[in-house]
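Note sheet for the following structure.
The values are calculated or read from the model by the stated rules, or taken from the named source; none is laboratory data. Predicted, not measured: the structure shown is a model, and the values here were computed from it. Because the Cβ atoms are built from the backbone with ideal geometry, glycine has one as well, and the counts that use them run over all protein chains shown.
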């Protein structure tokens, strides 16, 4: 039986638990009364409304980039300082919320580029045919 720690449960609540530990915690929450009690206690502690600057900062995600800023980061269209900060926030801090937003934006960008690529290919093919006919005549 894998030990489930308070830290693991806090990370689970914050959606910051590593993927490998997620099924272990979820199974323990379903099957073990001791883990359920610890989870309930942690939730109650968090729901007390901690009002420290650090708690408010984390809860409101004040250090996270906006979706527009993440889009600019993806397109490499930000000033150097903001780009460096977002890179630090994503790569060093490892913010799961910003990473999820960036992954979504990356997927949407790829989906939007596909029709453009197909349209360009179609134009090149039709233009090549016209040029061949014009040069051949």
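A Cβ distance below 7 Å, combined with a sequence gap of six or more or placement on separate chains, defines the contacts here; from the range 1-15, residues that are surrounded by 12 or more Cβ atoms within 10 Å (Cβ to Cβ) reach residues that are part of a loop (DSSP other than H, G, I, E, B) in the pairs 8/17; 8/21; 11/17.
Being over 30 Å from residue 5 (Cα atoms), part of a helix (DSSP H, G or I) and in contact (Cβ under 8 Å) with a residue 12 or more places away in the chain narrows it down to one of 132, 118, 109, 122, so name that one.
Details: 132 fails: in contact (Cβ under 8 Å) with a residue 12 or more places away in the chain; 118 fails: in contact (Cβ under 8 Å) with a residue 12 or more places away in the chain; 122 fails: in contact (Cβ under 8 Å) with a residue 12 or more places away in the chain.
When all the criteria are applied, what remains is 109.
Somewhere in the range 54-68, is a residue surrounded by 15 or more Cβ atoms within 10 Å (Cβ to Cβ) and without any contact (Cβ under 8 Å) to a residue 60 or more places away in the chain? For the range 54-68, residues surrounded by 15 or more Cβ atoms within 10 Å (Cβ to Cβ) and without any contact (Cβ under 8 Å) to a residue 60 or more places away in the chain: present.
Would you be able to say whether some residue in the range 29-50 is loosely packed, with under 15 Cβ neighbours inside 10 Å, touching a helix residue (DSSP H, G or I) at 6+ places or on another chain (Cβ under 8 Å) and farther than 30 Å from residue 85 by Cα? Yes. A single entry from 53, 13, 86 fulfils the requirement of being touching a helix residue (DSSP H, G or I) at 6+ places or on another chain (Cβ under 7 Å) and at pLDDT below 95: 13.
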